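Data first, discussion second: the structure below is written as structure tokens.
Since every read-out is calculated from the coordinates, none of them should be taken as a lab result. Because the structure is predicted, anything quoted here is derived from the model rather than measured. Quick reminder, even Gly has a Cβ in these numbers, built from the backbone with ideal geometry, and neighbours come from all protein chains shown.
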Amino acid sequence: MPLPRHPIVLIPARLASSRLPDKPLADIHGVPMIVQVLNRGLEADIGPVVIAAGDREIADAVRDSGGEAILTDPAHPSGSDRIFEALTRYDPDGRYDAIVNVQGDLPTIKKQTVRTAFEVLANEQVDIATLGVEITEESERTNPNVVKAVTAIKAPDSVGRALYFTRATAPWGDGPLYHHIGLYAYRRAALERFVGLPPGILEQRERLEQLRALEAGMRIDIALVDTIPLGVDTPADLARAREMLAP
């Protein structure tokens, strides 16, 4: 089936961070981290890349680099709400029919990882696509900070329907567990519907926003990739990102 014809990459970012203050502006080889993420989005070569900025300093840094940014309401409760505001302001006529939401703290993400999420939308029954990787470290199986995606995928397939997301160890029994990677691709209508829904019961219980979509009957498919992208949350993460991106 054909992919959506006019995708766009939107990257939400805001300065508030307790563990790494002002992290979108953190320097990585002379470039703010948010601009590094912008560059990774451009390398994926899906469509235009726009930063949904929660703060003027972020928008200014992006524009100074030659990139595009939309300044959004700083009070948005989630990145999904932020990218939807940016989308409607950047594209009020509805030209872009799919949105890839890349988190603003992934400066080393591979272009194929971004493309993989988008390519799941070739199945017209899928509302939202996301990513996962098989858990190989035993400690991750019981770590509530590692979100598990419950899906039935049988080799050689690498894409399956997401049945649930949880911080618990699930499913029970022998077999792989999958670490959910919070990168999403939405059909435009799905994103609009999603941000208009009230918070779900399970979403609030597990503190996992994607459960709102499942509770509302929306279809999420998950594609497996080989590695977890480095999310920069601490000074140690930032140092590792600098090493990985060293010229």
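At a glance:
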| item | result |
| --- | --- |
| Centroid-to-centroid separation of the stretch 1-80 and the stretch 143-205 [C-alpha atoms, Å] | 24 Å |
| Kirkwood-based shape ratio for the stretch 1-104, expressed as Rg/Rh from alpha carbons | 0.97 |
| Convex hull of the chain built on C-alpha atoms - directionally averaged projected area, nm² | 13.4 nm² |
| Alpha-carbon gyration tensor eigenvalues x 5, square-rooted, for the stretch 207-247, Å | 33, 14, 6 |
| 3J(HN,Hα) from dihedral phi, the stretch 118-135, Karplus parametrisation 6.51/-1.76/1.60, rounded to Hz, x for glycine, proline | 5, 5, 4, 6, 5, 7, 5, 7, 8, 8, 9, 10, 8, 10, x, 9, 5, 6 |
| Counting DSSP beta bridges with both ends in the chain, the antiparallel % (nearest 5) | 55 percent |
| Overall form of the stretch 1-54 per C-alpha gyration tensor (a/c, 1.5; a/b vs b/c) | prolate |
| DSSP beta bridge pairing in the stretch 110-228, given as percent antiparallel to the nearest 5 | 75 percent |
| Sequence-distant residues sharing a close amide H with Glu68 (under 5 Å, placed H) | Ile51 |
| Estimated dipole of the chain in Debye, rounded to 20 [Cβ of Lys and Arg +1, of Asp and Glu -1, Cα centre] | 240 debye |
| Antiparallel %, DSSP beta bridges [both residues in the stretch 39-166], to 5 | 50 percent |
| Length-normalised contact order for the chain - Cα pairs under 8 Å, 6+ apart - percent | 23 percent |
| CD proxy at 222 nm, helix term only [per DSSP H run n ≥ 4: -39500 (n - 2.57); per residue of the chain; nearest 500] | -8000 deg cm²/dmol |
| Estimated vicinal HN-Hα couplings, Hz - the stretch 70-86 in sequence order (Karplus 6.51, -1.76, 1.60; Gly, Pro = x) | 10, 7, 10, 4, x, 8, 4, x, 8, x, 4, 5, 5, 6, 5, 4, 4 |
| Ordering of 56-68, 185-197 by burial proxy (mean other Cβ atoms within 10 Å per residue, highest first) | 185-197, 56-68 |
| Calculated from backbone phi, Karplus (6.51, -1.76, 1.60) coupling profile of the stretch 219-232 in Hz, x at Gly/Pro | 9, 10, 10, 10, 9, 8, 10, 7, 9, 8, x, 6, x, 8 |
